[in-house]
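Take a look at the structure below.
The values are calculated or read from the model by the stated rules, or taken from the named source; none is laboratory data. Since this is a predicted model, take the numbers as computed values, not measurements. Here the Cβ positions follow ideal geometry from the backbone for every residue, glycine too, while neighbour counts run over all protein chains shown.
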Amino acid sequence: MGITSWLKKLRNEYLRRITYRKYQIGSGFHSGIRVRIWARQKVVIGKNFYIGRDSFIESDVVIGDNVIWANRVALVGRYDHHYQQIGMPIRLASQIRDADYNWLGVDSLTIIEDDVWVGYNTTIMSGVTIQTGSIIAAGSVVTKDVEPYSIYAGVPARKVKDRFNSKEDLKRHIELYGKNFKSK
């Protein structure tokens with residue numbers, strides 16, 4: 001292993017064990033530069049998660065194994081500011097980061113299952129589930145749940161096709177993935 005690879009690995013372990021220690025992050029974590037991770041209650045990330053530069057998580061989330069986020073992916077809350085607070089401008093209204101915040105979104109959990117690829121400059125709204133094996137195309141805005149082994153694109157993101165061309169290919173992928181990557 002070269003010095004550059006060793007330094008990257010050291011940096012990623014430092015982020016995982018020190019900077020983000022209050023969250024549960026599995027081995028094989030890689031973070032690009034200028035990544036921010038924050039959640040009101042929890043962040044749980046599986047093994048081999050790659051989060052590209054300038055990406056951020058600002059909502060409670062559970063992320064599976066072998067997930068990749070391209071650069072500039074954002075997971076954001078739907079209700080981060082109490083925009084219906086009577087007599088208060090939105091800028092000064094209570095927000096989810098406040099300890100006493102008790103409006104919508106407090107219990108919103110986003111779930112991103114195993115083997116998911118999220119493309120460049122995608123926004124994921126809190127509370128959705130992106131099911132196993134899915135791909136989110138670059139520039140998409142995910143506002144609703146995503147079916148397994150599907151490709152979604154657009155604003156808002158909609159299913160454009162299945163990930164695999166045939167049921168046989170999907171079946172073979174599931175078999176090999178289970179054999180080679182599922183924890184025993």
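Tell me the residue from ASP114, ASP107 that is assigned to a loop (DSSP other than H, G, I, E, B), modelled with pLDDT of 90 or more, of a type outside the set (Phe, Trp, Tyr) and within 19 Å of VAL44 (Cβ to Cβ), please.
Working: ASP107 fails: modelled with pLDDT of 90 or more.
After ruling out the rest, the residue left standing is ASP114.
List pairs: first in the range 137-162 and under 19 Å from ASN71 (Cα atoms), second among the charged types (D, E, K, R) and assigned to a strand (DSSP E or B), Cβ under 6 Å, 6+ apart or cross-chain?
Correct list of pairs: ILE151/LYS161; TYR152/LYS159.
With the condition kept exactly as written, say whether any residue in the range 149-156 is modelled with pLDDT of 95 or more, buried (at least 16 other Cβ atoms within 10 Å of the Cβ) and among the β-branched types (Val, Ile, Thr). Talk me through it step by step, then tell me what you get.
The initial filter retains those residues of the range 149-156 that are modelled with pLDDT of 95 or more, namely 149-156.
Cutting the leftovers down to buried (at least 16 other Cβ atoms within 10 Å of the Cβ) gives us 149-153.
Cutting the leftovers down to among the β-branched types (Val, Ile, Thr) gives us 151.
Among the residues of the range 149-156, at least one is modelled with pLDDT of 95 or more, buried (at least 16 other Cβ atoms within 10 Å of the Cβ) and among the β-branched types (Val, Ile, Thr), which makes the answer yes.
So, ALA99, is that one surrounded by fewer than 19 Cβ atoms within 10 Å (Cβ to Cβ), among the hydrophobic types (A, V, I, L, M, F, W, C), at pLDDT below 95 and within 22 Å of ILE57 (Cβ to Cβ) or not?
Numbers: surrounded by fewer than 19 Cβ atoms within 10 Å (Cβ to Cβ): yes; among the hydrophobic types (A, V, I, L, M, F, W, C): yes; at pLDDT below 95: yes; within 22 Å of ILE57 (Cβ to Cβ): yes.
For ALA99, the condition - surrounded by fewer than 19 Cβ atoms within 10 Å (Cβ to Cβ), among the hydrophobic types (A, V, I, L, M, F, W, C), at pLDDT below 95 and within 22 Å of ILE57 (Cβ to Cβ) - is met.
Go through the range 44-78 and give me each residue that's among the aromatic types (Phe, Trp, Tyr) and crowded, with 19+ Cβ neighbours inside 10 Å. It would help to see each step written out before you state the result.
Let us first name the residues in the range 44-78 that are among the aromatic types (Phe, Trp, Tyr), namely 49-50, 56, 69.
Once the filter is applied, which keeps residues that are among the aromatic types (Phe, Trp, Tyr) and crowded, with 19+ Cβ neighbours inside 10 Å, the range 44-78 yields PHE49, TRP69.
Taking TYR83 as the residue in question, decide whether it is aromatic (Phe, Trp, Tyr) and out of contact with any Phe, Trp or Tyr (no Cβ under 8 Å at 6 or more places or on another chain). Spell out the reasoning first.
On the way: aromatic (Phe, Trp, Tyr): yes; out of contact with any Phe, Trp or Tyr (no Cβ under 8 Å at 6 or more places or on another chain): yes.
Here the answer is yes, as TYR83 does meet what is asked.
So, in the range 57-78, exactly how many residues are in a loop (DSSP other than H, G, I, E, B) and acidic (Asp, Glu)?
Final tally of qualifying residues: 2.
Can you pull out the residues in the range 132-158 that are in contact with a Pro (Cβ under 7 Å, 6 or more places away or on another chain) and closer than 27 Å to PHE181 by Cα?
Across the range 132-158, the qualifying residues are THR132, GLY133, SER134.
Can you tell me which residue among LYS144, LYS182 is charged (D, E, K, R), at pLDDT 95 or above, within 30 Å of SER108 (Cβ to Cβ) and under 21 Å from the mean Cα position of the chain (by Cα)?
On the way: LYS182 fails: at pLDDT 95 or above.
Answer to the check: LYS144.
Can you tell me how many residues within the range 22-43 are of a type in the set (Lys, Arg) and either crowded, with 16+ Cβ neighbours inside 10 Å or closer than 17 Å to VAL73 by Cα (or both)? I'd like the intermediate steps shown before the answer.
So the first thing to find is which residues in the range 22-43 are of a type in the set (Lys, Arg), and the list is 22, 34, 36, 40, 42.
Next, from what is left, pick out any that are either crowded, with 16+ Cβ neighbours inside 10 Å or closer than 17 Å to VAL73 by Cα (or both): 34, 36, 40.
Residues meeting the conditions: 3.
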